[in-house]
Amino acid sequence: MPQQHISRRSVLRVGGAAGLVTAAGLATAGPGQAAQLAGAGGTARTKVVDLGPAVVRFSLMSAVLVGDTLYIGSRNLDPVKIIALHMPTGKVVAETVLGTGHSIQALAADPTGRYLYAGVLQKSVSAANLYRWDLKTPDTPAKALGSIGDRDIRDLTVAPDGAVFAVGSGGAGGAAPGLWEYDPAKGEIVPLGVPSADATTAQAVAATDSTVFFGAGSILHGGGGKSKAALFAHDRGARGFTQVTPRELQRDASIRELAVIGDKLVVGTAGHAAPAQVAVMDLADLGKYAVAESQGTTAKKFAALDDRVYFAGESGLLAYDRATDSIEPVEFRGPDLGEIWGVDRRGDKILVTSAFGFVAEIDPAAETSHVVELEAAGAPPAPQTVMGIAAGGGHVYVSGTGTIARHTLGRGSASDKDRVDYLRVPGEAKDAVVVDRVLYTGQYSAQGIWTYDPRKGETAHQAAAFPAGQNRPADVTWDDVNRRVLVGVESDTAGGGSLWTYDPRTERSHCHVNPIDDGQCVRGVATKDGVAYLGGDNNTGTEPKATVIAFDPVAGKELWRVDPQQSAGVAALAIRGRHLYGLSRKGGFFVIDIRRHKLIHRADVSAVSNGYAAMVTNRGVVYGVSDTTVFRFHPRTFAVSTVVPHINGGWYSGSHLTNDESGRLYTMRGRNLVQIIDDPKF
C-alpha cells in the first residue's frame, strides 16, 4: 500500500482548566458557565502532539467525459477543484480551482463541448455555488456564475439549446428543493418553482428542448411525512409541473438519477427496504414505460452502449438490457470498483470512475479492463476532511472517503518515524473501535460492519451486513461483557434507526430496528455491565427529540428509559462509574444515575460544545470534543473545563474523540491528526 512519512512532530502545551458547579439532586448551570469557570482549579498540564495530515488522498465525487477527456470533481478537499484526465495518454492535463464549497457532486457539459458546468456542495449558503469552465482555455480558472437559491447543487443538466438546469438540497430552514435555470445568453439564474413541498433532497435533473425532469425524495432525514420517490415534468413553455412518477417507483426512497437517451427518459431510484429500480420511459408518452428491479439500493450514472444501458450500483457496474428489460452485473477482469461516481461511454468501452481513486476502462465484450490510478496520473493528493477515528494496538485509524489511513506511531526519532498506510474500503467509516488490535468500523452507506486485523496480512472486509434502509452508522463501541460490537445507526430514508450488534467469535449479527421509537435514531451508544445505553436523535420533525434508554443487546429488550429534558437530540454518551453522561446537539449536558434510573444533573455547555460532539472516558475522566474545543468534566461536580481551545477539527460529519490503551487521546486539529496527553489533577 502507498505510504506517507511524517518527518517531524510539533508539540504544543496548553493550559488546562477545571470549573466547579454542583447542587443537590438535579444540578443546573447557565450558558455562560463554561467560559466563566475556565481557569479555576487547575494545575492541569496538557500536551498536544501534531501527527501531521490525517488522510491525504485525491478524493472525488463526480465525473463526465467530454471528447477524450474525463473531467473529475473533487470531494472533501480544500480548495475544491476539477481535474482533466486525458484518456488516450492516461495523464492529468489540466485543473481548475473553485472558490466555494467542499465537494463537487454535479458536472455537466454543454452540447458544443466548450463549457463545463459545476455545482458545489457546501455547509452554508454562499455567493456562488454554480461555476463554468471554458474548456478551450483550460488555463483560465472556472468562473463563478452565481448561486441557485438552494444551499448547494446536487445535479446539473444542459438542454440541447444550452440552457442549464440545477437542483439541490433545499433552502434555509429546511425549505424544499426547487428547480433553477441558468440562461447563458442573459447570464441570469432564475427560480422555476418547488415541485414537491415535502421532499428533502433533489438529486436528479434531465432536460429536452421542451421539458425538464426533476427527481427528488427522502434521501436525507426522511420519515415524518417526507415524500418518497417523486418525479416531475416541467413544461418549459407553460412553466408548470406535472407529477409523472411511475407507480412501481413510488415505493422507493428517492429518484436518484435521470438521463435522456435517444427518445427515452431513463430513471434510477434509491431503494429502501427493497432494491432500487430502473425505469425506461417513452418521452413522447410518459405513460408508456418499462421497469426492472436492480441489485442493491442505488441505480445512478447511466451510459448507453449498443442495446444496453450501463449504470452504477452500490459497489459495482450493472447493465440494463433494453430488449429483455432485465438487469445483470457486468463481468470483467479487474479490481473491485467500490463506490462509483461516474459511468461514461468512450467508443466501445465504458469508463467507470471509482471513489477508490481510479478510472477503469472496461471492455464489456472482451470482459477486460484497463485501470488508471489518478494519483499516478497526476491528480494532486491533499488532506481530506475526515469521518471517524479509532486507536489501539500501536495504530490510529482515521477514515476518509473510500479509504482509512492507518497511522503506525513511531517514537519520534529519525530512525523510527510515524508511518501512514491506506486501506481501501467502500463508502465512509463513520466511526470505529479497536478491540484486541482488530479494527471494527460502521460503514456508510448501508455497508454494515467492516473489520481489519493488521496481524493477518489481509485486506479490510465486511464482517456483517444489515438491512439496507439502516444505512448511516453514527457511533461504534465495544461491549466487553457480551463481547459484541455495538453500532448506533440512523435511517436516512425512513427516519428512526437501529442498534447493530456483532459477535466476532461466532460471527453472528443482529439489527434491532427502532429500539427507541419510530422517529429517533440511535446517535449515541455507551455500555456497562452488559447493558447498552442508547441516546436518541430525531431528524423527522416529530417529537420526542431526545430519549435515553437502557437496552439488553442480547435479548433485544428495553430495560428502562429517561427523558433527559433536552431541546435537541442526543449527540454523544459516555459512562463513568454509575453515571451516564450525555451531550445534546444544542450544547445541553446531562447526567443520569444508571442505578437509580434518574436524571441528576443538567447544564448548558454551549460555550464549548454544539452540534455533533463526541465523548470518551479516559483515565477515569469523561472528555468531549466539538467542532471548536476539547473539554472535560469534573468527575464529582460535573463542571466543564477547557482542555484544548480552538481545536477546529476538519471533520466532515461530526467530531470524534478516541483513546488508546495508554490513555492518550486522539482527535483532529484542522486537517491534522493530534495526540493529546492530559493530566487534570482532580
- For 557, 136, 228, give the ranking by accessible area with the largest first, probe 1.4 Å. 136, 557, 228
- Message: Please report the net charge: other residues with Cβ closer than 12 Å to the Cβ of residue 54, K and R +1, D and E -1.
- Response: +2
- If you count the DSSP beta bridges with both ends in the range 634-676, what percent of them are antiparallel, to the nearest 5? 90 percent
- In nm, the gap between the two label points placed 7 Å beyond Cα toward Cβ at residue 273 and residue 112 is 5.2 nm
- Query: Taking +1 at the Cβ of each Lys and Arg and -1 at the Cβ of each Asp and Glu, which of 281, 502, 165 sits farthest along the dipole of the chain towards its positive end, judged by Cα position relative to the Cα centre?
  - Reply: 502
- Note on the structure: Sorted largest first, the Cα spans of the chain on the principal axes come out in Å as 73, 57, 53
- Item | Residue-by-residue Karplus 3J(HN,Hα) for the range 392-401, coefficients 6.51, -1.76, 1.60, Hz, glycine and proline x | x, x, x, 10, 10, 9, 10, 9, x, 8
- Tell me which residues come under 5 Å, amide H to amide H, from residue 51 once H is placed; ignore anything under 5 positions away on its chain. 673, 674, 675
- Under-5 Å amide H pairs with residue 317, H placed in peptide plane, nonlocal only: 330
- Task: In debye, nearest 20, what is the charge dipole magnitude of the chain about its Cα centre with +1 on Lys and Arg Cβ and -1 on Asp and Glu Cβ, if you could check?
- Result: 2820 debye
- 5 angstrom amide H check on residue 569, placed H, neighbours 5+ away: 538, 585
- Message: Students sometimes get this wrong: rank 314, 373 by accessible area, probe 1.4 Å, all chains present, largest first.
- Response: 373, 314
- Message: Taking the alpha-carbon distance from residue 47 and a cut-off under 16 Å, which lysines remain once sequence neighbours fewer than 8 residues away in the same chain are dropped?
- Response: 681
- Charge tally for neighbours of residue 661 with beta carbon under 15 Å away, counting Lys, Arg as +1 and Asp, Glu as -1, is 0
- Message: Output wanted: per-residue J couplings in Hz (rounded whole) for the range 157-172, from phi through Karplus 6.51 cos²θ - 1.76 cosθ + 1.60, θ = phi - 60°, x for Gly and Pro.
- Response: 8, 10, 6, x, 8, x, 5, 10, 10, 9, 9, x, 8, x, x, 5
- Note on the structure: Farthest towards the positive end of the dipole of the range 409-558, among 463, 474, 530 and with Cβ unit charges of +1 on Lys and Arg and -1 on Asp and Glu, lies the Cα of 463
- Item | Accessible surface, per residue, of the chain when the full set of protein chains is kept, probe 1.4 Å, Å² | 36 Å²
- Message: For residue 288, give me every one of the lysines with a C-alpha distance below 16 angstrom, ignoring sequence neighbours fewer than eight places off in its own chain.
- Response: 264
- Would you mind calculating the relative contact order of the chain from Cα pairs under 8 angstrom and at least 6 residues apart, reporting the percent as a whole number? 12 percent
- Query: Where in the range 279-309 does the amide nitrogen come within less than 16 Å of the point 7 Å from the Cα of residue 323, taken along Cα to Cβ?
  - Reply: 305-309
- Task: Mind running the shape call on the range 458-554? Use the C-alpha gyration tensor, a ≥ b ≥ c as the square roots of the eigenvalues: rounded below 1.5 for a/c, prolate if a/b tops b/c, oblate otherwise.
- Result: oblate
- Charge dipole of the range 359-476 built from unit charges on the beta carbon (Lys, Arg +1; Asp, Glu -1), centred at mean Cα; most positive-end Cα among 377, 449, 360 is 449
- Message: Once you order the gyration tensor axes a ≥ b ≥ c over the Cα atoms, which shape class does the range 95-237 get: rounded for a/c under 1.5, otherwise prolate or oblate by comparing a/b with b/c?
- Response: oblate
- Message: Nearest 500 deg cm²/dmol is fine: what mean residue ellipticity at 222 nm does the chain get from its DSSP H runs of n ≥ 4 alone, each adding -39,500 (n - 2.57), divided by its residue count?
- Response: 0 deg cm²/dmol
- With x for Gly and Pro, the residue-by-residue ³J(HN,Hα) of the range 151-156, computed from phi through the Karplus equation 6.51 cos²θ - 1.76 cosθ + 1.60 at θ = phi - 60° and given in whole Hz, is 4, 8, 10, 9, 7, 9
- Query: Going from most exposed to least, what order do 395, 597 have by accessible area with a 1.4 Å probe?
  - Reply: 597, 395
- Round to a whole number: what % of the accessible area of the chain belongs to carbon and sulfur, probe 1.4 Å? 46 percent
- Item | Added length on full extension, which subtracts the Cα-Cα distance from 0.36 nm per residue, residue 436 to residue 507 | 24.0 nm
- Pseudo-spin-label distance residue 368 to residue 578, built 7 Å along Cα→Cβ, given in nm, is 7.3 nm
- Task: Quick one: dipole size for the range 220-328, taken about the Cα centre, charges +1 on Lys/Arg Cβ and -1 on Asp/Glu Cβ, in debye to the nearest 20.
- Result: 520 debye
- Message: What does the net charge come to around residue 140 if you take all other residues with beta carbon closer than 14 Å to its beta carbon, with K and R at +1 and D and E at -1?
- Response: +1
- Item | the range 404-480 versus the range 279-314: alpha-carbon centroid distance in Å | 35 Å
- Cross-link reach from residue 91 to lysines, straight Cα distance under 20 Å and at least 8 residues apart if same chain, gives 81, 136, 349
- Cα centre as origin, Lys/Arg/Asp/Glu Cβ charges: the range 85-204 dipole, Debye: 280 debye
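The values are calculated or read from the model by the stated rules, or taken from the named source; none is laboratory data. None of the values given here were measured: they were computed from a predicted structure. Cβ coordinates were reconstructed from backbone atoms using ideal geometry, including for glycine residues, and neighbour counts include every protein chain displayed. With ligands, DNA and RNA removed, areas are computed over all heavy atoms of the protein, side chains included. Shrake-Rupley method; radii C 1.70, N 1.55, O 1.52, S 1.80 Å.
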